[in-house]
Amino acid sequence: MRGTEHVLEDLREIFSQVEGLLSRLTGTAAERAGTSIDAVQSQLAVMRERVQRLREELERRARQAGKTADRSVRNHPWESIAITAAVAFLLGLALGRRD
């Protein structure tokens with residue numbers, strides 16, 4: 001989930017930079033590209049909304065996955081301990097062989 005949050009933050013930064021560039025566009029270039037600028041700003045607004053919806057969906061899914069995992073551990077505590085121990089043992093073996 002942390003990687004996804006990083007991507008969403010990068011998208012927000014890109015949106016801010018593009019909006020900054022559009023706002024600095026002045027003079028004859030702005031007059032010639034007026035409709036293009038409006039179209040870009042419109043598309044930016046749509047993209048911003050899509051990213052926000054994506055973030056909300058990802059957060060909802062993460063909360064749901066957390067609740068499911070919590071329920072599973074609470075319903076099967078000994079199995080959870082055994083699986084954790086097995087994974088730790090295998091990681092220890094794998095990392096120990098790297099030398």
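The values are calculated or read from the model by the stated rules, or taken from the named source; none is laboratory data. None of the values given here were measured: they were computed from a predicted structure. Note that we place each Cβ from the backbone using ideal geometry, even for glycine, and neighbour counts take in every protein chain shown.
Structure data summary
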| read-out | value |
| --- | --- |
| Members of the stretch 46-99 that are surrounded by 10 or more Cβ atoms within 10 Å (Cβ to Cβ) and not in a helix (DSSP H, G or I) | His76 |
| Gly27, sole failed condition from (1) at positive phi; (2) modelled with pLDDT of 80 or more | (2) |
| The lone exception for Glu49 - which of (1) at pLDDT below 80; (2) closer than 27 Å to Gly66 by Cα it fails | (1) |
